[in-house]
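Notes follow once the structure below has been shown.
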Amino acid sequence: MIDRSSLRHAARELMRRRFRSLLSTLGVMFGVMAIVATLAVAEGAKRDMLDALRQIGANTVVLRPANMTAEQQIAVSERQSTGLTLGDLTRIRNGFEGAEAVAGLRGVRATVEGLADPGSVEVVAATASLKEALGLDTAMGRFLVDSDVEYRRQVVVLGADAARQLNWRGVVGAGIRVGDRVYRVVGVLRDRPRIGRLPSALSVRDYNRAVIVPIGADPPADPFIVNAATAGRLSEVVIRVLPQEPVGPAAEAIRQLILRNHNATHDFMTILPRALIEQEQASRRLLNGTLAAFAAVLLLIGGIGISNIMLANVTERTREIGIRRAIGASERDISLEFISEAVLLTFAGGVLGTLFGIVAAIILASLGGWRVAITPWSIMAALGMAALVGILAGYHPARAAARLNPVEALRHS
């Protein structure tokens, strides 16, 4: 067990060789820095995935229009498929018994009056069932109801960020202009957790920035031209499957149902958010494992460097070791002193590496748009690994110092 006396003596010896001690810690510092930054990014990505899964729902199936080439679009038009429409919602409700909620929505290209930055919000036309399908909750007022959609009422529900940006216009009862129409605010959504980078196929919509109007009451992109063929089209269908239903087979049943009604035309894609998130987590685990192995190699190299420095110290201090042995110091005392020096070196490198790792993680977050999460256990793990490397690095030099013959050591010049 390392005692205080050994640590004090070790600290004095290291301070006598400040520059050498600083150089010795660099390898450990870079290794710990890499470990802390890697764990912070990995934990941030994990939390993003869990937040996304909570917001979308583990038992959710999403349908979106397929990305098609010009030739594929011609083939679709020949089969007279109109893409995802409101009619598909009715077919899913009637033809698939495992659906808890079925909602449709589409993005609307319209500006909202009263915003400093028009691009800071997203106008969405949706059915009233979107609330149940995505678990949306209102902080004030109410969400859309079926009669709003049926009678195409010009009412609007605002996301938390959108309401804040609209100031006095963003309260229940106020009127706001969306495109060429004026809508009455009937509700404001509760603030939802922000989500960082996700798989492109998932692309979770940020409902904090949403301006939601009843589908059918949304302003057309061009108020003078309303295309009847595309008026009922949807950019997304969200199906919340009953908890007891397996999501995979449910998604396949829904896909087959829509295919039959689209004349066997693959003009849509089926997305299982849970499966995509699990795939993304698996790939991130592989990447994080590679980065962690690289960090461990850096830490090992730092430990080897410290071991070499400690062996050099043993050689330089051979006569001192002989004198200490002659006045009564035991092999254990000598051994503990050198192990203490190695542990202090690696611990100092670990502390510096932790600080620089936190800074590196913050820089990565700001430059790459990643979410980082620095947890106490990750810092403890990094410092613990540094201390372990110190003990291993100091073991051989300490053993060599303790086993020096006192008489031969005193003769060393």
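Along Cα→Cβ, 7 Å out, is where each label goes; now give me the distance between the ones at A139 and A282 in nm to one decimal.
Distance between label points: 3.9 nm.
Could you run the Karplus curve 6.51 cos²θ - 1.76 cosθ + 1.60 with θ = phi - 60° over the range 289-297 and give me ³J(HN,Hα) per residue in whole Hz, x for Gly and Pro?
Result, rounded to whole Hz: x, 5, 5, 5, 5, 4, 5, 5, 5.
Need the full-extension length gain, I327 to F294, defined as separation in residues times 0.36 nm minus the C-alpha distance. One decimal, nm.
7.3 nm
Can you tell me, using C-alpha contacts under 8 Å and at least 6 residues apart, the relative contact order of the range 100-192 as a whole percent?
Worked out over the range 100-192, it gives 31 percent.
Based only on other Cβ atoms within 10 Å, what is the fewest-to-most ordering of L367, L84?
Sorted ascending by nearby Cβ count, the order is L367, L84.
Read-outs: derived from the displayed coordinates by stated rules, not from any lab. Quick caveat: nothing in here was measured; it's all calculated off a predicted structure. Every residue, glycine among them, receives a Cβ derived from its backbone with ideal geometry; neighbour counts consider all protein chains shown.
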